[in-house]
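Below is one structure, written out as structure tokens; the observations come after it.
The values are calculated or read from the model by the stated rules, or taken from the named source; none is laboratory data. From a predicted model like this one, the values you see are computed outputs, not experimental measurements. Here Cβ is always computed from backbone atoms with ideal geometry, including for glycine, and neighbour counts include all displayed protein chains.
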Amino acid sequence: MKAGDLREGVPIPNSHGGKLCVLYNGNIGSYQKEKNVDLHVIHIAAKLIDRKSDTRCVIVSRDTNVRIRAKALGLEAENYEFDTIDGGVPEGFSVIECSDGKLESIGDNLCIDLNDFFDVVPPPNHYVYLSRVGGKGGFMTKVSPDMSQLRRLEPFRQGIKVKPKNLEQTFVMDALLDEDISLVSVTGCAGTGKTIISLAIGYYLVEKLKAYSKLLVSRPVFPMGRDIGYLPGGINSKLDPWMQPIYDALERIIDKKGVDGRQVVFQSSGIYVEPLTYIRGRSIHDQFVIIDESQNLSPLELKTIITRAGEHTKIVLTGDTSQIDNPYFDERSNGLSVITRAFIESPVAANIVMHRGVRSKLSQEATERLQ
């Protein structure tokens, strides 16, 4: 972009005549001043139209309330569509029914020809369940990073505190344990086991196998509903309400009477629960990193986190794109969806969308009925 007069507008390249202007109460003239920033912007736009009636002015915002208010005043308003995916997040796995003869032909082969089952080759690390017709038995496989074959999944090692209850959880656990996969996105509705499985695998790899030096867990500090305001105390006290779901999950993983989740964190030399606020500028090496509720982060925020990853670091993004507390994002524009779609073709990434709730019958029915 070339230098110019920001008062009159600087032409933006490749924008079909668009200009960049900086408008504020010092150069727009008199208008109704508002303490609310949204109304402040709307009134500046209205004043601009009054001053330049032949100029088209459009308010672009992801905030639905801003667009409604603008349209109520007769102004044009559009949603911000940059960093928005088309359609939803790919499932990350598929189920193919096979005849008995086809399954028997596989035999004990650990590697299977992709062309026998797909006309269009799936992306790397896409999970495939080769199911016997009728659903009784089959093989769990994964597309190789070079997309040349299907590889049978190996049995899980002993010592992991959680056991998979369905195919989706099996695929998630395999991706978390795979040393060649550096980024795992786990999307799913409430009660599918996203957080506890990620924590259990991270705890196992760090505390038991010593495969990573640290287990770093973080969540966005973003309230559901009304914020209760200022929280007293030091950083640990302030973080406690936000990190309580992490402590609860750790208690279930440890499963020892009288063990508190906070104690597990504070007494361990390898488990850290931290806010995301100060992550910019850091390099994270040799760590298993879990970003829970990542649907409340922007694509830029998640990009900042992922680009912090150093050698031998695995990043796990978990979240439910149907439960977004940030008013500026939806299922197509939140960071979890955008990052997952961006890494679909990557040989170092895997994603799984979970649908089957395991928390309780009530939790699953609430998810199905309260759409």
Inter-residue pairs, beta-carbon under 7 Å, first farther than 17 Å from Ile49 by Cα and in the stretch 6-21, second of a type in the set (Lys, Arg) and surrounded by 10 or more Cβ atoms within 10 Å (Cβ to Cβ), 6+ apart: Val10/Lys19; Pro11/Lys19; Ile12/Lys19
Criterion: among the aliphatic types (A, V, I, L, M), surrounded by fewer than 20 Cβ atoms within 10 Å (Cβ to Cβ) and under 27 Å from the mean Cα position of the chain (by Cα) - qualifying residue of Ala190, Ala200: Ala190
Test: residue in the stretch 229-249 that is in a loop (DSSP other than H, G, I, E, B), at pLDDT below 80, at negative phi and charged (D, E, K, R): no
Candidate set: the stretch 339-365, residues that are polar (S, T, N, Q) and surrounded by fewer than 23 Cβ atoms within 10 Å (Cβ to Cβ); chosen: the one modelled with the highest pLDDT: Ser346
Matching residues, the stretch 325-369, being part of a helix (DSSP H, G or I), among the hydrophobic types (A, V, I, L, M, F, W, C) and in contact with a Gly (Cβ under 7 Å, 6 or more places away or on another chain): Leu336
Residue check for Asn334: crowded, with 19+ Cβ neighbours inside 10 Å and closer than 19 Å to Ser61 by Cα: yes
Residue check, Ser322 more than 19 Å from Asp174 (Cβ to Cβ), polar (S, T, N, Q) and assigned to a loop (DSSP other than H, G, I, E, B): yes
Set Lys165, Lys161: member being assigned to a loop (DSSP other than H, G, I, E, B), in contact (Cβ under 8 Å) with a residue 60 or more places away in the chain, over 22 Å from the mean Cα position of the chain (by Cα) and under 22 Å from His355 (Cβ atoms): Lys165
Hits in the stretch 302-329 (condition: free of Cβ contacts under 8 Å to residues at least 60 places away in the same chain and not hydroxyl-bearing (Ser, Thr, Tyr)): Leu302, Lys303, Ile305, Arg308, Gly310, Glu311, Ile324
Count of residues meeting criterion [closer than 25 Å to Val143 by Cα and either part of a loop (DSSP other than H, G, I, E, B) or hydroxyl-bearing (Ser, Thr, Tyr) (or both)] in the stretch 190-220: 5
Residue identified as among the hydroxyl-bearing types (Ser, Thr, Tyr), surrounded by fewer than 13 Cβ atoms within 10 Å (Cβ to Cβ) and not assigned by TED's automatic domain parsing to the domain that holds Arg332 among Ser148, Ser99: Ser99
Test: Glu154 is over 30 Å from Lys210 (Cβ atoms), among the charged types (D, E, K, R), out of contact with any Phe, Trp or Tyr (no Cβ under 7 Å at 6 or more places or on another chain) and loosely packed, with under 14 Cβ neighbours inside 10 Å: no
